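Engineer: The following block contains the structure, expressed as structure tokens.
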Amino acid sequence: MNEVIERVLRARSGPMTDEMVLSPGRFGLGRVPARLKPAGVVDSVCGFCSTGCSLKIHVDASGHALNLSANPDYPVNTGMACPKGWEALAPLMAADRATTPLMRNAQGQLEPVDWERALLVFCGKIKDIQARHGRESVAYLSTGQIVTEEMALLGALAKFGMGIQHGDGNTRQCMSTAVAAYKDSFGFDAPPYSYADFEESDTIVLWGSNLCIAHPILWQRVARNRRGAEIVVIDPRSTETAQMASLHLALRPKSDLTLAYGLARLVIDRDATARDYIAAHTSGFEEFARYLEPFTLNRVVDETGLSEESLQRMVRAIGRGRRVSYWWTMGVNQSHEGTRTAQAIINLALMTGNLGRPGTGANSITGQCNAMGSRLFSNTSGLLGGRDFSNPAHRARVSEVLGVAETKIPTNAGWAYDQILDGIEQGKIKALWVIATNPAHSWIQQSRARELLSKLEFLVVQDMYSTTETVQAADLLLPAAAWGEKDGTFINSERRIGCVRKVARAPGVALSDFAIFKLIALYWGVGDMFSRWTSPEATFQILKELSRGQPCDFSGVRDYAHLEAQRGIQWPWRSEEAASGEPDRERRLFTDGQFHTADCRARFRFDPPRPPPEATSEAFPLFLLTGRGSSAQWHTQSRTSKSTVLAKLYPKRAYIEVNPLDAERWALTDGAAVEVRSLRGKVAARARVTTTVNPGQVFMSMHYPETNQLTLWCVDPYSRQPAYKACAVAIGPSAAEPA
Ligand code: SF4
């Protein structure tokens, strides 16, 4: 144990800062380091969604944030920000910030303890559980909300330092389908696009994506298209985006795969394939074409509920000779057959040659601000640097870069999120460490998820707030700094690495996640393993080395200052390329038609469509769709609910969209209190009678805790991503008010 850190931790008075932990030799007890930037403007990438907008934070003479504005000189947002971005500083000031470690006492109350006690309990309990039940009895759940440097440190510490076998991230809930699809089809998790492709397309296909409110700044990029693009929206619901489309295909819920195969067959029937591209750059097309034969127009019309005319128009819009970009989000990813649906979209792009050229691509748009960082560096489903745990050469390389014995690196990825939770039920997982996520609200079939959390011997939550639903179940809370209170990098949806900057001090003795992980390493007894990980920027240099030689190689990025000077840099940017100048601001992948598979060809992948996991019935006659509610809300609202401005922009209470015909059938009026039931539970909500949903379908927003009391525990077999948008419910009048 470092004696200076011990003295700092034992200090009962005076501020606690990251610098005291990371550079203890520089500080005496009670001294406050001058770490923040001087008065002026600090550029920082927004901490909410994956768009990755740059914000200009205006700071006072002591370096504290005063307010912010959108950065006009950043290629992503060019001076725009959505409501969440404009209010990005508000969550830092919330009254329920976690300011000190909290531990549950004998009376069941969370009570303050100092860091030393918290760390001793954390390490002591977890080591004890590992000793009694085996190393596999402890797991962690990470997040797409922390900086890449923190993700990598957590992943390396947990798996190589603490011997934790099972760790996953909340990115399992939003992105794992895209990861599985890209890895299988392209040989690497490589979203191929640049946002400029929105502006360069002849046809923009938004599949299961309500871009207008989920990624409002990207919708602005669509609006800048100067080619008169056909905008096709594929979504059962008449979303804000669908209402702006030139063609809306309101397909039957979960008939996406049939639609994609039907379109592929129509493209072949019309002789609209890109034969030369298919021959030169793909494998498996002949087999795919034979597989498509049963997907006749009549069958597709019958199964999707779409008209023949709309399908024919769609095929004209995506056929040969046009620049077509396909963009998908959660309507595809959060499905029982999401991976094959994503790959069916990739197939359409491949067979029409729509990859590697301006205005094209099979493009998954990420959700969280750093989901892309998580995909490469969380060390959960993949080994650091986009590698595979099962590959001996990959393990050897990581061992070499980090100076960690190869025997410390697991030979498989461990369990996914749902398997970890199942493991609690089976008595195999006894302790869980949850970092910056809120599974008691966000996981499917919430009552079961909460019951499982309550069965743990030891639940640790590391979070910026002390009041989330998951903290309420915790035995120990480690208080964490928020976005804006620490440095690091995010990677956005178009692979752009950008800097996040510290413009405020964390409250009380809260620390950055980076500093917390470093302290845990010290108390666990593996501090030496991370002696080179002295700061986020020092860690960034390690990440560069971990990326070298991989498709995501960014060894040509010098440092944070380089990222800031270039307004973010998309990977790859190799040291060899850097020798000849600076990167272009917008770059896409696969311009040479070479993929990351063994034969450098992209693969056609397909499976038969399967029925939704839960059919409607007489008792539960309505199909529940879920999704984002407004551009002012973020996930479980632990942050966005803290802004009084944002709170004015969305309904305070849970609501359910009901078609007028269904409202009449169940005698519901607009605004009436209703009860919504599924086999998992019943909740109260307000009816919103609207034609945005078709008869037989209803919609609830994911931001309210009521929604996941209804959803079904079902995951895609390849990605293990939950199918949030597919369960049967019933509805009726209620006397109870929504909470
Ligand atoms: Fe932040 Fe996303 Fe809004 Fe941009 S679009 S300001 S990244 S929340």
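Engineer: Could you run through region 400-411 and say how many residues are in contact with a Phe, Trp or Tyr (Cβ under 9 Å, 6 or more places away or on another chain) and under 18 Å from V526 (Cβ atoms)? Before you say what the answer is, go through the steps one by one.
Structural biologist: Just the residues of region 400-411 that are in contact with a Phe, Trp or Tyr (Cβ under 9 Å, 6 or more places away or on another chain), to begin with: 402, 404-405, 408-411.
When the remaining residues are screened for being under 18 Å from V526 (Cβ atoms), the result is 402, 404-405, 408-410.
Here the count works out to 6.
Engineer: Out of curiosity, is P551 closer than 29 Å to I126 by Cβ, open to solvent by 20 Å² or more (accessible area, probe 1.4 Å) and not hydroxyl-bearing (S, T, Y)?
Structural biologist: Values: closer than 29 Å to I126 by Cβ: no; open to solvent by 20 Å² or more (accessible area, probe 1.4 Å): yes; not hydroxyl-bearing (S, T, Y): yes.
Criteria not met by P551.
Engineer: Taking R357, is it out of contact with any Pro (no Cβ under 6 Å at 6 or more places or on another chain) and at pLDDT 95 or above?
Structural biologist: Working: out of contact with any Pro (no Cβ under 6 Å at 6 or more places or on another chain): yes; at pLDDT 95 or above: yes.
In short, yes.
Engineer: From L350, L453, which residue is within 23 Å of K127 (Cβ to Cβ), at pLDDT 95 or above and outside any loop (DSSP other than H, G, I, E, B)? Before you say what the answer is, go through the steps one by one.
Structural biologist: Working: L350 fails: within 23 Å of K127 (Cβ to Cβ).
Sole residue among the options that is within 23 Å of K127 (Cβ to Cβ), at pLDDT 95 or above and outside any loop (DSSP other than H, G, I, E, B): L453.
Engineer: What's the number of the condition K84 fails, among (1) open to solvent by 30 Å² or more (accessible area, probe 1.4 Å); (2) within 16 Å of the ligand (Cβ to nearest atom); (3) touching a helix residue (DSSP H, G or I) at 6+ places or on another chain (Cβ under 9 Å)?
Structural biologist: Tallying (1) open to solvent by 30 Å² or more (accessible area, probe 1.4 Å); (2) within 16 Å of the ligand (Cβ to nearest atom); (3) touching a helix residue (DSSP H, G or I) at 6+ places or on another chain (Cβ under 9 Å), K84 fails exactly one: (1).
Engineer: Give the residue that is farthest from the ligand (Cβ to nearest atom), with candidates limited to residues of region 38-48 that are within 14 Å of I497 (Cα to Cα) and in a strand (DSSP E or B).
Structural biologist: In the first step, residues of region 38-48 are kept if they are within 14 Å of I497 (Cα to Cα); the result is 43-47.
After this cut, where a residue has to be in a strand (DSSP E or B) as well, the list is 43-45.
Numbers: D43: 13, S44: 11, V45: 7 Å.
The extreme case among them is D43.
Engineer: Further, regarding this structure: If F198 passes every condition in (1) open to solvent by less than 10 Å² (accessible area, probe 1.4 Å); (2) under 22 Å from the mean Cα position of the chain (by Cα); (3) more than 16 Å from the ligand (Cβ to nearest atom) but one, which one does it miss?
Structural biologist: It fails just one condition, (3).
Engineer: Could you give me the residue pairs with C-beta distances under 6 Å whose first residue belongs to region 688-709 and is free of Cβ contacts under 8 Å to residues at least 60 places away in the same chain, whose second residue is of a type in the set (D, E, K, R) and crowded, with 19+ Cβ neighbours inside 10 Å wherever it lies, and which are 6+ apart or on separate chains?
Structural biologist: Here the result reads R688/E657; T690/E657; P695/D662, each pair linking region 688-709 to a residue that is of a type in the set (D, E, K, R) and crowded, with 19+ Cβ neighbours inside 10 Å.
Engineer: Further, regarding this structure: Does region 384-395 contain at least one residue that is surrounded by fewer than 24 Cβ atoms within 10 Å (Cβ to Cβ), at pLDDT 95 or above and assigned to a strand (DSSP E or B)?
Structural biologist: yes
Engineer: Related question: Which of the numbered conditions does L89 fail, given that it passes all the others? Conditions: (1) within 16 Å of the ligand (Cβ to nearest atom); (2) more than 30 Å from R587 (Cα to Cα); (3) buried (at least 22 other Cβ atoms within 10 Å of the Cβ); (4) not basic (K, R).
Structural biologist: Failed condition: (3).
Engineer: Another question, if that's okay. Tell me which of these R135 doesn't satisfy, since it passes every other one: (1) surrounded by 18 or more Cβ atoms within 10 Å (Cβ to Cβ); (2) more than 22 Å from V45 (Cβ to Cβ).
Structural biologist: (1)
Engineer: Kindly provide the set of residues from region 422-445 that are touching a Lys or Arg at 6+ places or on another chain (Cβ under 8 Å) and part of a helix (DSSP H, G or I), ordered by number.
Structural biologist: I424, E425, A440
Engineer: Filter region 540-575 down to the residues that are part of a helix (DSSP H, G or I) and among the aliphatic types (A, V, I, L, M), then identify the one that is nearest to the chain's Cα centre (by Cα). Break it down into steps so the answer makes sense when it comes.
Structural biologist: Let us first name the residues in region 540-575 that are part of a helix (DSSP H, G or I), namely 540-547, 560-565, 575.
Retained after the next criterion (residues that are among the aliphatic types (A, V, I, L, M)): 542-543, 546, 561, 563, 565.
Numbers: I542: 23, L543: 20, L546: 22, A561: 26, L563: 22, A565: 27 Å.
Looking at residues that are part of a helix (DSSP H, G or I) and among the aliphatic types (A, V, I, L, M), I get L543.
Engineer: Take the residues in region 410-423 that are of a type outside the set (S, T, Y) and open to solvent by less than 10 Å² (accessible area, probe 1.4 Å); name whichever of them is nearest to V179 (Cα to Cα). Explain how you work it out, then say what you get.
Structural biologist: Going through region 410-423, the residues of a type outside the set (S, T, Y) turn out to be 410, 412-416, 418-423.
Among the residues that remain, those that are also open to solvent by less than 10 Å² (accessible area, probe 1.4 Å) are: 416, 418, 420-421, 423.
Details: A416: 13, D418: 17, I420: 19, L421: 21, G423: 24 Å.
For region 410-423, the residue satisfying everything is A416.
Engineer: If you go through region 162-182 one residue at a time, do you hit one that is part of a loop (DSSP other than H, G, I, E, B), more than 30 Å from D513 (Cα to Cα) and modelled with pLDDT of 95 or more?
Structural biologist: Within region 162-182, the subset part of a loop (DSSP other than H, G, I, E, B) is 162-165, 174-175.
Subsequent filtering for residues that are more than 30 Å from D513 (Cα to Cα) retains none.
So far as region 162-182 goes, no, none of its residues is part of a loop (DSSP other than H, G, I, E, B), more than 30 Å from D513 (Cα to Cα) and modelled with pLDDT of 95 or more.
Engineer: Which one of these does V332 not meet: (1) open to solvent by 10 Å² or more (accessible area, probe 1.4 Å); (2) among the β-branched types (V, I, T); (3) closer than 30 Å to M151 by Cβ?
Structural biologist: All conditions pass for V332, except number (1).
Engineer: Now, a different point. Return the residue satisfying two criteria in turn: it lies in region 241-279 and is part of a strand (DSSP E or B) and open to solvent by less than 30 Å² (accessible area, probe 1.4 Å), and of such residues it is farthest from V698 (Cα to Cα).
Structural biologist: First, the residues of region 241-279 that are part of a strand (DSSP E or B): 247-249.
When the remaining residues are screened for being open to solvent by less than 30 Å² (accessible area, probe 1.4 Å), the result is 247, 249.
Working: L247: 22, L249: 17 Å.
Result: L247.
Engineer: Being open to solvent by 60 Å² or more (accessible area, probe 1.4 Å) and touching a residue at least 12 places away in the same chain (Cβ under 8 Å) is the filter here, so list the residues in region 280-320 that pass it. If you could, list the steps in order and put the result at the bottom.
Structural biologist: If we filter region 280-320 for residues that are open to solvent by 60 Å² or more (accessible area, probe 1.4 Å), which is where we start, we get 286-287, 290, 293-294, 298-299, 302-303, 308-309, 313, 316, 320.
Those that are open to solvent by 60 Å² or more (accessible area, probe 1.4 Å) and touching a residue at least 12 places away in the same chain (Cβ under 8 Å): E287, E293, R299, E303, R313, R320.
Engineer: Still on this structure: Could you list, in sequence order, all residues of region 643-677 that are open to solvent by 60 Å² or more (accessible area, probe 1.4 Å), away from the ligand (no atom under 14 Å from the Cβ) and either touching a helix residue (DSSP H, G or I) at 6+ places or on another chain (Cβ under 8 Å) or not in a strand (DSSP E or B) (or both)? Can you show your working first?
Structural biologist: First pass over region 643-677, keeping only residues open to solvent by 60 Å² or more (accessible area, probe 1.4 Å): 644-645, 648-649, 652-653, 661, 664-665, 667, 669-670, 677.
Add one more test, that the residue is away from the ligand (no atom under 14 Å from the Cβ), and what stays is 644, 648, 652-653, 661, 664-665, 667, 669-670, 677.
Answer for region 643-677, where residues must be open to solvent by 60 Å² or more (accessible area, probe 1.4 Å), away from the ligand (no atom under 14 Å from the Cβ) and either touching a helix residue (DSSP H, G or I) at 6+ places or on another chain (Cβ under 8 Å) or not in a strand (DSSP E or B) (or both): T644, K648, K652, R653, L661, E664, R665, A667, T669, D670.
Engineer: Kindly establish whether F623 is closer than 30 Å to E287 by Cα, in contact with a strand residue (DSSP E or B) (Cβ under 8 Å, 6 or more places away or on another chain), among the aromatic types (F, W, Y) and crowded, with 20+ Cβ neighbours inside 10 Å. Spell out how you get there, then give the answer.
Structural biologist: On the way: closer than 30 Å to E287 by Cα: no; in contact with a strand residue (DSSP E or B) (Cβ under 8 Å, 6 or more places away or on another chain): yes; among the aromatic types (F, W, Y): yes; crowded, with 20+ Cβ neighbours inside 10 Å: yes.
No.
Engineer: Please enumerate the residues belonging to region 630-642 that are away from the ligand (no atom under 14 Å from the Cβ) and open to solvent by less than 40 Å² (accessible area, probe 1.4 Å). Talk me through it step by step, then tell me what you get.
Structural biologist: Start the filter on region 630-642 by keeping residues that are away from the ligand (no atom under 14 Å from the Cβ), which leaves 636, 638, 641-642.
Once the filter is applied, which keeps residues that are away from the ligand (no atom under 14 Å from the Cβ) and open to solvent by less than 40 Å² (accessible area, probe 1.4 Å), region 630-642 yields T636, S638.
Quick grid of which residues meet (1) free of Cβ contacts under 8 Å to residues at least 40 places away in the same chain; (2) open to solvent by 20 Å² or more (accessible area, probe 1.4 Å); (3) farther than 30 Å from D197 by Cα:
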| residue | (1), (2), (3) |
| --- | --- |
| Q472 | yes, yes, yes |
| A480 | no, no, yes |
| T489 | no, no, no |
| C499 | no, no, no |
| V509 | no, yes, yes |
| F517 | no, no, yes |
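Engineer: Only one of S185, S238, S176, S209 is within 28 Å of R610 (Cα to Cα) and open to solvent by 20 Å² or more (accessible area, probe 1.4 Å). Can you tell me which? Please lay out each step first, then the result.
Structural biologist: On the way: S185 fails: open to solvent by 20 Å² or more (accessible area, probe 1.4 Å); S176 fails: open to solvent by 20 Å² or more (accessible area, probe 1.4 Å); S209 fails: open to solvent by 20 Å² or more (accessible area, probe 1.4 Å).
Only one candidate passes the filter, namely S238.
The values are calculated or read from the model by the stated rules, or taken from the named source; none is laboratory data. All values derive from a computational prediction rather than experimental measurement. In this analysis, Cβ positions are derived from the backbone assuming ideal geometry, glycine residues included, and neighbour counts consider all displayed protein chains. These area figures cover heavy atoms from the full protein model, side chains too; ligands, DNA and RNA do not enter into them. Shrake-Rupley method; radii C 1.70, N 1.55, O 1.52, S 1.80 Å.
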